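What follows is a set of notes on a single structure, which appears directly below.
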2 protein chains.
Amino acid sequence: MLKAWLHEDRELIADMGVFQLYRVRARSPRTGQYRRLSVLHAGSWVNVVALTPDRQVLLIRQFRHGTGEFTLEIPGGMVDPDEMPAQAAMRELLEETGYAGDPPVSIGVVTPNPAILNNRCHTFLIENCRWSREPELDSGEDIEVMTRPLQDVPGIIAAGDINHALVISAFWWLSQKHPGLLHP
Amino acid sequence: MLKAWLHEDRELIADMGVFQLYRVRARSPRTGQYRRLSVLHAGSWVNVVALTPDRQVLLIRQFRHGTGEFTLEIPGGMVDPDEMPAQAAMRELLEETGYAGDPPVSIGVVTPNPAILNNRCHTFLIENCRWSREPELDSGEDIEVMTRPLQDVPGIIAAGDINHALVISAFWWLSQKHPGLLHP
């Protein structure tokens, strides 16, 4: 039977705003030995499968600084401290794409990386999305918004054009909860 | 048409061994303004959908220090500097579970988080896995190995017992490349 490790102490190494890096001193329940581990603290994240009335999915193209590459993703971002995840999903969708739709429906929650990150990412489905107003991008964002037929998504992922694990996980949830949507 | 940002300078904030944290100075191609961004550099990762001859999937249960929780995952880890990803997949499977099988077949590649991480995670399918020897765990690892019928995986994810985005992405690849395996 596995036992939980004890985190006896943690030291803030760097506060980067979007996350805080800690070094944790942990004691093994099996050997009693100590180990130093690296843990990133971040707030919750959300992403959104946003569908138009004719079953197109909203995708955004942007430059991502981790990989230094352009990515194709679904809308999403960080949950603000005073927000519920569903509110953040509506806000990020509107800010990044200018679209709004039905009330968000939670379709799944993942841990982005339980080995090094403490947070969760909540995936919402928002149907009947329609263009509502101009996107509100901050000076650091360049985003291109596009729609694609939902049933093209498996092929887009197979081609490597969508490769973000959190986006692929979102489509896993969609395929499980609403199999008819992705493979009509 | 979107243009790439220029990373003009980067400063090492912390070298944690498993990853290095950098602060990057980047210039917007649209506005010319500078922004400071946080980027984590890490080597490639692998994970493995390992199947026994009777279509059971190998799962491991372990304590994860990011979330401070026990997780149910597939085997995986970091690719060593002198390794190919396929070699790392075989090595991690053997070290963590004691199982070995057919040559690994690549079924997909994801970016774990292109916003903040520079690396990729390679997913392999290894079939006909059989117990070969005792696992080789280091003093910091406590791992419980188990097998589950592959067709139970969607239910295990739906119940929240598997919630790691990289593991769910691995099963996305499996469901797309070998639909008959997951839903017989």
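The values are calculated or read from the model by the stated rules, or taken from the named source; none is laboratory data. The shown structure was predicted, so the numbers you read here are calculated from the model rather than taken from an experiment. Reconstructed Cβ throughout: ideal geometry from the backbone, glycine too, with neighbour counts over all protein chains shown.
Values as computed for the structure displayed
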quantity: Pair list, Cβ under 9 Å, 6 or more apart: the stretch B:166-184 residue more than 21 Å from B:ASN128 (Cβ to Cβ), other residue modelled with pLDDT of 90 or more and among the aromatic types (Phe, Trp, Tyr); calculated: B:LEU166/B:TRP45; B:ILE168/A:TRP172; B:ILE168/A:TRP173; B:SER169/A:TRP172; B:TRP172/A:PHE171; B:TRP172/A:TRP172
quantity: Selection status of B:ASP138, surrounded by fewer than 23 Cβ atoms within 10 Å (Cβ to Cβ) and out of contact with any Leu (no Cβ under 8 Å at 6 or more places or on another chain); calculated: yes
quantity: Candidate set: the stretch B:103-125, residues that are more than 7 Å from every other protein chain (Cβ to nearest Cβ) and part of a loop (DSSP other than H, G, I, E, B); chosen: the one surrounded by the fewest Cβ atoms within 10 Å (Cβ to Cβ); calculated: B:PRO103
quantity: Every pair of residues 6+ apart whose Cβ atoms lie under 9 Å, when the first sits in the stretch B:50-76 and is farther than 16 Å from B:ILE156 by Cβ while the second is of a type in the set (Lys, Arg) and not in a loop (DSSP other than H, G, I, E, B); calculated: B:THR52/B:ARG130; B:PRO53/B:ARG130; B:HIS65/A:ARG35
quantity: Meets criteria (of a type in the set (A, V, I, L, M, F, W, C) and more than 9 Å from chain B (Cβ to nearest Cβ)) for A:VAL79; calculated: yes
quantity: Residue that is nearest to the other protein chains (Cβ to nearest Cβ), among those in the stretch B:126-144 that are of a type in the set (A, V, I, L, M, F, W, C) and not in a loop (DSSP other than H, G, I, E, B); calculated: B:ILE143
quantity: Strands (runs of 3 or more DSSP E) within the stretch B:1-71 that include 2 or more residues in contact with a helix residue (DSSP H, G or I) (Cβ under 8 Å, 6 or more places away or on another chain) and not small (Gly, Ala, Ser); calculated: B:45-50, B:56-64
quantity: Single residue of the stretch B:35-50 satisfying the filter (more than 10 Å from every other protein chain (Cβ to nearest Cβ) and surrounded by fewer than 23 Cβ atoms within 10 Å (Cβ to Cβ)) that is nearest to the chain's Cα centre (by Cα); calculated: B:SER44
quantity: Qualifying residues in the stretch B:162-184 (those that are in a loop (DSSP other than H, G, I, E, B) and surrounded by fewer than 13 Cβ atoms within 10 Å (Cβ to Cβ)) - the one farthest from the other protein chains (Cβ to nearest Cβ); calculated: B:PRO184
quantity: Filtered residue count, the stretch B:1-20, keeping only those that are at the interface with chain A (Cβ under 8 Å from one of its Cβ atoms), surrounded by 14 or more Cβ atoms within 10 Å (Cβ to Cβ) and not β-branched (Val, Ile, Thr); calculated: 5
quantity: Unique match (being among the basic types (Lys, Arg) and facing another protein chain (nearest Cβ under 7 Å)) among B:ARG23, B:ARG61; calculated: B:ARG61
quantity: Members of the stretch B:136-151 that are of a type outside the set (A, V, I, L, M, F, W, C) and touching a helix residue (DSSP H, G or I) at 6+ places or on another chain (Cβ under 6 Å); calculated: B:GLU136
quantity: Filter result (crowded, with 16+ Cβ neighbours inside 10 Å and of a type in the set (A, V, I, L, M, F, W, C)) within the stretch A:71-94; calculated: A:LEU72, A:ILE74, A:MET78, A:VAL79, A:ALA86, A:ALA88, A:ALA89, A:MET90, A:LEU93, A:LEU94
